[in-house]
Each structure stands twice: as structure tokens, then as C-alpha cells.
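Accompanying notes for the structure given below.
The values are calculated or read from the model by the stated rules, or taken from the named source; none is laboratory data. Just so you know, these numbers come straight off a predicted model, no measurement behind them. Methodologically, a virtual Cβ is constructed for each residue, glycine included, from the backbone with ideal geometry; neighbour enumeration extends over all protein chains shown. Side chains included, ligands, DNA and RNA excluded: accessible areas come from the protein's heavy atoms. Shrake-Rupley method; radii C 1.70, N 1.55, O 1.52, S 1.80 Å.
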Amino acid sequence: MVNTLRAKFGSENVIASDIKKPSIEQRNTGPFVYADVLNYRALEQIVVDYGIDWVVHFSAILSAAGERNPSLGLNVNMTGFQNVLDLAKAHNLRLLSPSTMGAFGPTTPKDSTPDLTVMRPNTIYGITKVHMELLGEYYREKYQVDFRSLRYPGIISADSPPGGGTTDYAVDIFHAALKHNSYESFLDADTRLPMAYIDDCIVGTMQLLEAPQEALTQRVYNVHACDFSPEELAGEIRRQHSDAFAITYRPDFRQAIADTWPRTMADEAARRDWGWNPVFGTADIVRVMFDKLGPVYSPGLAAEEMPAAVVAS
């Protein structure tokens, strides 16, 4: 996302931040600052010093990690968002903070899940994201904060490691296929979930971020690109990579999380209001993941030669 923003608006106009030390490449492509979302005054100093007018708030503890450490999930996902939301109110910032299909729960309709429906999640991640959605909409109505959000499906990328989510299997499986030609899935064979490739995710996020306010009929949107189960993904891997690829199943605590999520999401509002139009299907994702990761596992390739993040087209 940083690379894409810099390609459009100029490197010096996009301030990247994290609590982790950046790579040399990240540091050389534009400004980078340390930013702890739990420290309001430090965040405010960045906003003032750099003249910030838009904030993309990706800081979150994801579903599986949140169940392992609920207190951390509550703190980062709720206090961190509250700090950024109050900054947006105080400094007239446009704020995009993504939500998740994990905001839905076991009583939500599973197929073609609409934007507005029953939302009673039973994970810390989902609970904090529903809180975020409602609070963002409240600040929009009461204080005119330009809050925007989209409910991501599982995001698949070769450019970064999994981050503690329940859909991580759909990234891990490609690494395992290249290393061992086999994979042990922590979800059942028929667990269908919505997914999207990272380029579709970034393009869609940019579309919502840049959309004129008058085009938005709501402030939180479903987005859906494709959907598959572990067995279907394994079948496509056999077709494109190796017909000897083997997958076994040993569901763990993440299965209970996945069972509460939609199988497919309705996203007509996003397509109508701001042009959401994903182009990567399941076969496309498998092809591009092997294209990107294949060289990483080639004999003799050094770790520093791993492919860098790319700019979405």
C-alpha cells in the first residue's frame, strides 16, 4: 500500500510507520517513522510535523493471534483505533481503517452475506472490528469525520509472511508446496471462505480511499473477490504445480473461528459506489503465487534476493 501511494503521490508525501525496524529497501524508498498507535501524543506529533491529511490505519491484532492474547487484541485494536479516530476528529483527517469478514459471527447468514445483517462475532478480533465500524460511523454522524472502511476477506500475498490470521493457510500452503510438496491444513477440507489477492486488495483500498464523499452511500463495505476451500485450493495446486502434491487435515482452534465466518459476501454496494472490480480468481492466485515464490526456493538463491513488494497495477 505504501509503494502504491508513493507511486501516485510521490515518495516524500507518504509517511510509512511501524513499531518494527524497517528493511533497508523500505527506508530507502521514502520517509519512515516509529509510531506506536497506543501513544496518542506521539501520533499527533507525526500528524503535525508532516502535515498529514489522510491516515490508513492497518494496525491490528488478527483473529488467531487475538484468541491467544485477548488483552493485547483489545488494547491494540480498540485503544489504537480510538487514538487514530480522535486524531482524525482533531485534525480533520480522512481515515481509512479496514474491517474484516471476521466482524460477522455464527448467527450471520453464511452465503451472500449482506453489508447490513446480524453481527455478533465471538472472537476478540471480530468484536473489536464491530466496535471500530460502529464508532467510526458515530464519529462520521456526530463530528463529520471522514471515516471509511471495507471488510476484507482473506488476503493472499507472496510479499509478506502470514500475520496471525485464520486464513493464513492460503499463504502457508504455497511455501509448503515448494519446500515439501505437501501441507497439513489447520482447517477442514471443505471450509469455504472468501479470499482476495493482494493486488485486488490494494487497488480496492485505493479506490475507496480516493472516492469522493458524495459517492459513498455507506461508510463500511463488503468486498469479495473469490472463494474456495482448502481441498479446492489443493486441487488447483496439483493442476498447476505438481499432481503429487499431498494435503492432510488436522483442524485446530482456528477451525472454530472459520466456522463463524461467511462462505461468500455480497459486495454490490462497493461495486456500485466506488468501482470495486477484482480481477484475480482462484486459478490466477495460484499461478501468481508460484510465479513469485518459485524463485525464492530455487537452489542457491540467497535470502536477501527474495522478491520485494510490488506496486499494484
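Taken over region 158-188, the criterion of being open to solvent by 30 Å² or more (accessible area, probe 1.4 Å) and of a type outside the set (Asp, Glu) is satisfied by SER160, PRO161, PRO162, GLY163, HIS175, LEU178, LYS179, HIS180, ASN181, SER182.
Here's the yes/no breakdown for (1) closer than 27 Å to GLY66 by Cα; (2) at pLDDT below 95; (3) of a type in the set (D, E, K, R):
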{"position": "TYR197", "(1), (2), (3)": "yes, no, no"}
{"position": "GLY204", "(1), (2), (3)": "yes, no, no"}
{"position": "ALA211", "(1), (2), (3)": "no, no, no"}
{"position": "GLU232", "(1), (2), (3)": "no, no, yes"}
{"position": "ILE237", "(1), (2), (3)": "no, no, no"}
{"position": "TRP274", "(1), (2), (3)": "no, no, no"}
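Determine whether region 131-145 contains at least one residue that is of a type in the set (Lys, Arg), open to solvent by less than 20 Å² (accessible area, probe 1.4 Å) and touching a residue at least 12 places away in the same chain (Cβ under 8 Å). No; the residues of region 131-145 include none that is of a type in the set (Lys, Arg), open to solvent by less than 20 Å² (accessible area, probe 1.4 Å) and touching a residue at least 12 places away in the same chain (Cβ under 8 Å).
If only residues of region 108-128 that are hydroxyl-bearing (Ser, Thr, Tyr) and in a helix (DSSP H, G or I) are counted, the one that is surrounded by the fewest Cβ atoms within 10 Å (Cβ to Cβ) is TYR125. Among the residues of region 256-272, those that are open to solvent by 20 Å² or more (accessible area, probe 1.4 Å) and outside any loop (DSSP other than H, G, I, E, B) comprise ALA256, GLU268, ARG271, ARG272. Scanning region 281-308 for residues that are among the acidic types (Asp, Glu) and open to solvent by 60 Å² or more (accessible area, probe 1.4 Å), we see that the one that is modelled with the highest pLDDT is ASP291.
Applying the selection to region 88-107, what residues are out of contact with any strand residue (DSSP E or B) (no Cβ under 7 Å at 6 or more places or on another chain) and open to solvent by 10 Å² or more (accessible area, probe 1.4 Å)? Give the derivation first.
Taking region 88-107 as the starting set, the residues that turn out to be out of contact with any strand residue (DSSP E or B) (no Cβ under 7 Å at 6 or more places or on another chain) are 89-92, 102, 105-107.
Once the filter is applied, which keeps residues that are out of contact with any strand residue (DSSP E or B) (no Cβ under 7 Å at 6 or more places or on another chain) and open to solvent by 10 Å² or more (accessible area, probe 1.4 Å), region 88-107 yields LYS89, ALA90, HIS91, ASN92, PRO106, THR107.
In region 68-83, which residues are surrounded by fewer than 20 Cβ atoms within 10 Å (Cβ to Cβ) and in a helix (DSSP H, G or I)? Of everything in region 68-83, those that are surrounded by fewer than 20 Cβ atoms within 10 Å (Cβ to Cβ) and in a helix (DSSP H, G or I) turn out to be ARG68, PRO70, SER71, LEU72, LEU74, ASN75, MET78, THR79, GLN82. Select from region 86-107 the residues that are part of a loop (DSSP other than H, G, I, E, B) and in contact with a Ser or Thr (Cβ under 8 Å, 6 or more places away or on another chain) and write down the one among them that is farthest from ALA266 (Cα to Cα). Restricting to residues being part of a loop (DSSP other than H, G, I, E, B) and in contact with a Ser or Thr (Cβ under 8 Å, 6 or more places away or on another chain), the top hit is SER97. Within region 240-252, being open to solvent by 50 Å² or more (accessible area, probe 1.4 Å) and either of a type in the set (Ser, Thr, Tyr) or within 14 Å of MET289 (Cα to Cα) (or both) holds for GLN240, HIS241, THR248, TYR249.
Out of curiosity, is TYR152 surrounded by fewer than 18 Cβ atoms within 10 Å (Cβ to Cβ) and out of contact with any helix residue (DSSP H, G or I) (no Cβ under 6 Å at 6 or more places or on another chain)? So that I can check it myself, show each step before the final result.
Numbers: surrounded by fewer than 18 Cβ atoms within 10 Å (Cβ to Cβ): no; out of contact with any helix residue (DSSP H, G or I) (no Cβ under 6 Å at 6 or more places or on another chain): yes.
In short, no.
Restricting region 5-37 to residues that are in contact with a Gly (Cβ under 6 Å, 6 or more places away or on another chain) and touching a residue at least 24 places away in the same chain (Cβ under 8 Å), the residue that is surrounded by the fewest Cβ atoms within 10 Å (Cβ to Cβ) is ARG6.
Per-residue answers, yes or no, for (1) farther than 16 Å from GLY154 by Cβ; (2) hydrophobic (A, V, I, L, M, F, W, C):
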{"site": "MET195", "(1), (2)": "no, yes"}
{"site": "ASP200", "(1), (2)": "no, no"}
{"site": "THR205", "(1), (2)": "no, no"}
{"site": "GLN218", "(1), (2)": "yes, no"}
{"site": "ALA225", "(1), (2)": "no, yes"}
